[in-house]
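What follows is one structure encoded as structure tokens, with my remarks underneath.
The values are calculated or read from the model by the stated rules, or taken from the named source; none is laboratory data. On a predicted model such as this, the values are computed, not experimentally measured, just so you know. Glycine gets a Cβ as well: all are built from the backbone with ideal geometry, and neighbour counts include every protein chain shown.
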Amino acid sequence: MVRDYERAVEKSARRQRLKSARKGQRRNLEPKPPRRKNWDVASVDEWDELDLDPRERIMPIDELDRRRAIENAAFGGTRASAPHELEAEVAPATVVSVASGLCIVERDGERLQCRIRSGLTAKESAYTNAVAAGDRVVVTDDGAGGGIIEEVLPRRTTLVRPETGGPRSQVIVANAEQVLIVSSWREPFFWPELVDRCIIAAQRSDLVPIVCVNKVDLVDDEAELDKTIAPYLALEHRVIRTSAVATEGIDDLRNVLRDKTTALTGMSGTGKSSLISAVQPGLDVRTSEVSTSTKHLGEGRHTTTMVEMHGLEMGGFVVDTPGIREFGLRGLHRPELAGFFPEISALAPECQFADCAHLEEPGCAVVAGRASGAVPESRYHSYRTILDTLR
């Protein structure tokens, strides 16, 4: 009787760990339930192989592999298989690049090209991509020198970007710890609004924002640069000044990146790829000159067309992302925006009206703070511009 009780406790604990391994993983195709037998008491969703008869050959092979993959993710080891079972090599891996439906993963120090299991297609997901750089995934070998991504393990963090004209978003980077927001001083010019948007996006994703002002070798007025970065320093954001050309600030950048997983973001042409190469010479990162075309004068060409993760010899990873010209903030509503501008939210309680939008309302303490300099002009301009884009 005691043994029966112990087995029941063991089964319950296994079920809980298996559920945790599946948590956050959407099945993107609705599978047809298998033909039920009167003697089959286990459901497809609530499975536990301790309860299943060895006659599990009634399952499709890919479903069998999927269940084994989840079990390995949950328990960190392989279970002894019955002689008739098809053996599948399963190991956790990290996605290091994603492009055109194929992924490169790193597993046990080696890189493997993988395709994505069709069941992971994001049919019912809020995201357009099922797999992103930085994801921890369960991979099985395909028998032809490649692999198959079977499952995406639960993500700690996600940096997302809304898709233009659609309700869903793209996961740019998964499981990062911080975001390095690169904005050049010139060519193209420093753009405070984009920097502020990226800071908000990072904070909404529980990532630490770091502002990097690149191409400081082009600065001809140090006082103007100091004035531009002063609002970020006042908010205790980390700000570093760099120049890949003059190798200025590269040691500071190494210290910021060391032993962290960092997503690089910013408008194309700001020098993200050049900075990565300066931090660790020899990395195969593509760079491009700033466009001289009339349409995009002063803006960078989109050199990086896929998201790629680079391991650093000193420890940590950097994720090079495609250059962006705008950063959406889907899901953020107008009343919430002031909370991401501490200099505005600090004055808001003094406004005459509780629902003050801090635009032109009478008795607005924020408008008065703007006039007195308590609210920096660049930050207030970002607030108003972003507010106009929100519901």
Practice problem: Looking at (1) touching a residue at least 24 places away in the same chain (Cβ under 8 Å); (2) part of a loop (DSSP other than H, G, I, E, B); (3) within 14 Å of the chain's Cα centre (by Cα), find the lone condition where VAL179 falls short. | Solution: (2)
Quiz prompt | The lone exception for GLN170 - which of (1) crowded, with 22+ Cβ neighbours inside 10 Å; (2) in a strand (DSSP E or B) it fails | solution = (1)
Practice problem: Go through the stretch 136-150 residue by residue and tally those that are more than 14 Å from LEU102 (Cα to Cα), crowded, with 18+ Cβ neighbours inside 10 Å and not basic (Lys, Arg). | Solution: 2
Quiz item: Of all the residues that make up the stretch 243-287, how many are outside any loop (DSSP other than H, G, I, E, B) and aliphatic (A, V, I, L, M)?
Solution: 10
Quiz prompt | Scan of the stretch 343-382 for residues that are in a helix (DSSP H, G or I), without any contact (Cβ under 8 Å) to a residue 60 or more places away in the chain and surrounded by 14 or more Cβ atoms within 10 Å (Cβ to Cβ), ordered by number | solution = ILE344, SER345, ALA348, ALA365, VAL366, VAL367, ALA368, GLY369, ARG370, TYR380
Quiz item: Given the conditions (1) out of contact with any helix residue (DSSP H, G or I) (no Cβ under 7 Å at 6 or more places or on another chain); (2) assigned to a loop (DSSP other than H, G, I, E, B); (3) surrounded by fewer than 23 Cβ atoms within 10 Å (Cβ to Cβ); (4) at negative phi, and given that LEU194 satisfies all but one, which numbered condition is not satisfied?
Solution: (2)
Exercise. Being surrounded by fewer than 21 Cβ atoms within 10 Å (Cβ to Cβ), out of contact with any strand residue (DSSP E or B) (no Cβ under 7 Å at 6 or more places or on another chain) and either not in a helix (DSSP H, G or I) or not hydrophobic (A, V, I, L, M, F, W, C) (or both) is the filter here, so list the residues in the stretch 197-230 that pass it.
Key: ARG204, ASP206, VAL219, ASP220, ASP221, GLU222, GLU224, ASP226, LYS227, THR228
Quiz item: Restricting to the stretch 160-185, what's the tally of residues that are under 22 Å from CYS114 (Cβ atoms) and either modelled with pLDDT under 90 or aromatic (Phe, Trp, Tyr) (or both)?
Solution: 3
Quiz item: Do we find that ASP206 is on the phi > 0 side of the Ramachandran plot, touching a residue at least 24 places away in the same chain (Cβ under 8 Å) and not assigned by TED's automatic domain parsing to the domain that holds ARG379 in this structure?
Solution: yes
Quiz prompt | Cross-chain or 6+ apart pairs with Cβ under 6 Å, the stretch 318-342 first and crowded, with 16+ Cβ neighbours inside 10 Å and of a type in the set (Gly, Ala, Ser), then outside any helix (DSSP H, G or I) and at pLDDT below 90 | solution = GLY323/MET267; GLY323/SER268; GLY323/GLY300; GLY323/HIS302; GLY328/PRO162
